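Visitor: My questions will all concern the structure given below.
Bear in mind that the values in this text are calculations on the coordinates, not laboratory data. Just so it is clear, the structure is predicted and the values come from calculations on it, not from any experiment. Here the Cβ is made from the backbone with ideal geometry for all residues, glycine too, and neighbour counts use every protein chain on show.
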Amino acid sequence: MNREIIDRIINEILQEKLKGKDGHICCKDGVCSDNLCVVHNKEGVRNIVGNGATRITASVGIEAAGGVESDLAGMIDHTLLKPDASKSEIEKLCGEAKKYGFASVCINPSYVPLCAKLLKGTDVKVCTVIGFPLGATSTASKAFETEQAIREGAQEVDMVMNVGMLKSGEYDYVEHDIFAVVSTARRYRVLSKVILETGFLTDEEKIKACVLAKRAGADFVKTSTGFGKGGATMGDIALMRKVVGSTMGVKASGGVRSREDALAMVASGADRIGASASVKIVSGETAEATKGY
């Protein structure tokens with residue numbers, strides 16, 4: 001990895017001051033640099049969708065500017081990754097995903113075959129995790145785990161980046177590690193997401209991680225495992241969206257427990273939400289009502 005290039009990207013992003021009056025990164029003075037804003041050029045966005053686009057990314061500031069309608073359930077990965085999750089709990093998870101129309105269920109690899117069977121014939125995808133939750137397993141084991149999960153029915157994979165290697169400045173290792181999973185997933189046309197574990201990273205390291213994930217060809221960057229230090233924040237989502245642009249997805253995961261949490265993440269640039277409190281989110285319960293989940 002060319003360190004001069006990555007340092008230049010970091011400086012450009014950290015020095016940018018494109019902030020609206022509410023403090024969020026947004027269109028400068030109401031003018032969109034790409035002229036494809038869902039707020040200021042809605043007709044242009046409709047034309048893009050009409051020509052075949054299946055997803056449009058809206059960045060931070062859309063709520064303050066009047067907002068856009070969104071299908072929140074279809075953006076949620078209904079998640080159950082706790083180590084003591086039982087078969088009956090996984091079955092309930094899949095039932096809820098079908099009932100509410102969640103984007104996917106996100107489960108540990110051992111439950112992939114069961115979920116693939118339960119969700120067969122539905123629009124709900126089976127998502128699993130790779131190198132979870134530490135990201136410190138070998139590259140070869142991550143690639144093997146990815147292929148095995150896909151063969152058993154996984155349609156999306158969320159891999160954990162090697163945080164220690166990133167913090168050690170081993171950028172080539174990190175990029176190769178991500179690429180090993182991404183290339184395996186791509187052979188089967190399976191979606192890949194890279195979990196950065198943002199709670200352990202500085203802003204500069206978050207930017208580096210996003211750049212490496214983008215270079216490796218990943219489809220999404222994701223904030224957290226939910227098992228590390230901290231979770232998703234609006235600031236991290238806005239920063240990640242700014243780095244990856246509109247060509248990648250951004251997933252907010254970790255600590256998203258209410259509808260207001262989820263909408264705040266969407267307003268900051270997320271187009272996928274990972275949550276275990278998914279039913280409470282779509283039913284509109286407040287953050288106060290969902291404390292403890």
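Visitor: Shape call for the range 73-283 from the C-alpha gyration tensor, a ≥ b ≥ c root eigenvalues: rounded (a/c under 1.5), prolate (a/b greater than b/c) or oblate?
Guide: Verdict is oblate for the range 73-283.
Visitor: While we're looking at this one, here's another question. Residues with amide H under 5 Å of Val190's amide H, sequence separation 5 or more or different chain, H placed in the peptide plane at 1.01 Å from N; which?
Guide: none
Visitor: Continuing with the same structure: Let me make sure I get this right: for the range 194-257, a, b and c are the square roots of the gyration tensor eigenvalues over alpha carbons, sorted descending. Under 1.5 in a/c it's rounded, otherwise prolate if a/b > b/c, else oblate. Which is it? Before the final figure, lay out each step's value.
Guide: Working: a/c = 1.65, a/b = 1.49, b/c = 1.11.
It comes out prolate by the Cα gyration axes.
Visitor: Based on the mean of other Cβ atoms within 10 Å per residue, sort peptides 100-112, 159-171 so the most packed one is first.
Guide: Details: 100-112: 21.8, 159-171: 19.8.
Taking the mean over residues of other Cβ atoms within 10 Å, the ranking is 100-112, 159-171.
Visitor: Sort the following peptides by mean Cβ neighbour count (other Cβ atoms within 10 Å, averaged over residues), highest first: 217-226, 172-181.
Guide: Ranking the peptides 217-226, 172-181 by packing returns 217-226, 172-181.
Visitor: Which cross-chain or sequence-distant (5 or more) residues have an amide H under 5 Å from the amide H of His78, H modelled 1.01 Å from N in plane?
Guide: HN-HN under 5 Å from His78: Ala103, Ser104, Val105, Cys106.
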